[in-house]
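One structure below.
The values are calculated or read from the model by the stated rules, or taken from the named source; none is laboratory data. Since we're looking at a predicted model, the values are computed, not measured. Here the Cβ positions follow ideal geometry from the backbone for every residue, glycine too, while neighbour counts run over all protein chains shown.
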Amino acid sequence: MTADERVPHGFRLAHAEHRLLRSRPPAAALRWARAAVGERARVVAVRARSGGTSSAVHVIHLEDRRGSRHRLVLRRYVRADWLAEQPDLAEREAEVLRVLEVGPVPAPRLVAVDPTGEQAGVPAVLMTFLPGRLDWAPSDLDGWLERLAEPLPVIHATPVPTAARIPLYRPHELDRALAPPPWTRHRRAWERAVEVYLGPPPSGEQVFIHRDYHPGNVLWSRRRVSGIVDWANASLGAPEADVGHCRANLAGHFDLTIADRFLARYHTLTGRTGYHPYWDIAVVVGPIDSYGDPDPDLDAFLSRAVARL
């Protein structure tokens with residue numbers, strides 16, 4: 001299967017997931033969005049955004065009482081399992097968007113937040129709309145990789161006010177046993193990877209990181225990055241955490257050589273050298289319980305990372 005034929009993560013949903021994430025927002029959520037625009041504002045159109053599995057995201061067209069049109073994005077945290085573990089997701093994303101308001105990162109601007117869901121029904125964030133589209137099949141792959149790497153040093157240079165409540169980077173799922181997926185052809189590599197993952201990260205560097213940086217969260221217009229979305233997991237940590245997350249997604253959608261070419265472009269842009277395989281391992285081992293069907297690309301990516309230790 002070629003990269004063009006692969007379905008990116010978040011675009012193939014089960015029926016129940018599709019209803020939860022793509023159905024029209026309930027009346028309470030739309031009332032809350034209208035109120036953020038002003039008295040007597042009305043909803044003109046609502047469209048679900050494709051891609052993604054963590055939350056329900058809709059583009060809402062509203063008209064205020066003066067007849068001016070507003071295009072906003074409503075993100076609702078509708079997954080009970082996510083909220084049980086992270087009930088403050090909406091407030092965390094809102095805090096990150098506040099940090100990004102004054103900088104050059106092409107991120108949405110915060111319009112309103114309902115941290116508890118008291119008004120919108122579930123925790124929700126209302127933000128400005130960013131132009132652009134996702135691009136998982138670029139015509140100029142080398143240029144696309146370079147443009148994809150360019151926002152990372154800008155993100156990592158973002159100043160974070162002392163009072164901002166941005167969490168420190170912490171690997172996921174450290175509170176229970178982590179077992180290799182039953183389908184792996186490299187069980188010893190996975191066992192070694194778990195040992196590495198449970199140990200300390202190789203860097204204590206703390207800069208502002210996206211924490212979920214990959215092509216599914218990058219918007220493009222005229223072959224340039226026009227926006228970066230999905231900031232709920234932003235943290236303070238090593239910049240390589242973002243590099244590793246993007247590498248794993250590139251390796252899964254394209255192949256390992258494309259992930260390596262992305263790393264080379266990042267190093268050229270930043271002047272940084274060296275890359276510890278921990279960061280490839282961390283992004284794969286973190287969601288270890290979510291792997292259902294055999295994934296030979298993921299298996300190969302993890303195995304090679306361990307071989308580089």
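Does region 74-82 contain at least one residue that is modelled with pLDDT of 95 or more, closer than 25 Å to V218 by Cα and basic (K, R)?
Yes, the conditions are met somewhere in region 74-82.
Does R49 meet the test of being under 16 Å from the mean Cα position of the chain (by Cα), closer than 13 Å to R24 by Cα and without any contact (Cβ under 8 Å) to a residue 40 or more places away in the chain? First the steps, then the outcome.
Values: under 16 Å from the mean Cα position of the chain (by Cα): yes; closer than 13 Å to R24 by Cα: yes; without any contact (Cβ under 8 Å) to a residue 40 or more places away in the chain: yes.
Yes; evaluated as a whole, the condition is true for this residue.
Identify, by number, the condition in (1) within 27 Å of H267 (Cα to Cα); (2) in a loop (DSSP other than H, G, I, E, B); (3) at pLDDT 95 or above that R185 doesn't meet.
The one condition R185 does not meet is (1).
Restricting to region 160-175, what's the tally of residues that are within 18 Å of D242 (Cα to Cα) and of a type in the set (A, V, I, L, M, F, W, C)?
Total satisfying the criteria: 3.
Among the residues in region 104-116, are any more than 22 Å from F208 (Cβ to Cβ), over 19 Å from the mean Cα position of the chain (by Cα) and free of Cβ contacts under 8 Å to residues at least 60 places away in the same chain?
So far as region 104-116 goes, yes, one or more of its residues are more than 22 Å from F208 (Cβ to Cβ), over 19 Å from the mean Cα position of the chain (by Cα) and free of Cβ contacts under 8 Å to residues at least 60 places away in the same chain.
Would you tally the residues in region 94-121 being over 15 Å from R165 (Cα atoms), among the aliphatic types (A, V, I, L, M) and either at pLDDT 95 or above or part of a helix (DSSP H, G or I) (or both)?
So the answer is 7.
With the requirement that a residue be over 16 Å from R247 (Cα atoms) and among the acidic types (D, E), what does region 136-159 give you?
Selection gives D140 alone.
Taking region 128-161 only, how many residues are more than 16 Å from the chain's Cα centre (by Cα) and in a strand (DSSP E or B)?
The number of residues fulfilling the criteria is 1.
Identify, from the list A179, A193, A149, the residue that is modelled with pLDDT under 95 and assigned by TED's automatic domain parsing to the domain that holds L298. Give the derivation first.
Values: A193 fails: modelled with pLDDT under 95; A149 fails: modelled with pLDDT under 95.
It is A179.
Restricting the search to region 291-309, which residues are acidic (D, E) and outside any helix (DSSP H, G or I)?
Within region 291-309, D293, D295 qualify.
Is region 76-97 home to any residue that is polar (S, T, N, Q), surrounded by 14 or more Cβ atoms within 10 Å (Cβ to Cβ) and outside the structural domain of L219 (by TED's automatic domain parsing)?
Yes - at least one qualifying residue is present in region 76-97.
What number of residues within region 206-234 satisfy the criterion of being in contact (Cβ under 8 Å) with a residue 60 or more places away in the chain, over 19 Å from G52 (Cβ atoms) and surrounded by 19 or more Cβ atoms within 10 Å (Cβ to Cβ)?
1
Return yes when V125 is crowded, with 17+ Cβ neighbours inside 10 Å and touching a residue at least 40 places away in the same chain (Cβ under 8 Å) and no when it is not.
When the stated conditions are applied, V125 passes them.
Based on this model, can you work out whether R304 counts as among the basic types (K, R), touching a residue at least 40 places away in the same chain (Cβ under 8 Å) and more than 20 Å from D142 (Cβ to Cβ)?
yes
Cβ-Cβ distance below 9 Å, separation of 6 or more or different chains: which pairs start in region 269-280 with a residue that is within 11 Å of Y197 (Cα to Cα) and in contact (Cβ under 8 Å) with a residue 12 or more places away in the chain and end on one that is loosely packed, with under 14 Cβ neighbours inside 10 Å and hydrophobic (A, V, I, L, M, F, W, C)?
As it stands, the answer is P277/A307; P277/L309; Y278/L309, since those pairs meet every condition given.
In region 224-250, what residues are closer than 17 Å to L110 by Cα, of a type in the set (G, A, S) and assigned to a loop (DSSP other than H, G, I, E, B)?
Once the filter is applied, which keeps residues that are closer than 17 Å to L110 by Cα, of a type in the set (G, A, S) and assigned to a loop (DSSP other than H, G, I, E, B), region 224-250 yields A232, A234.
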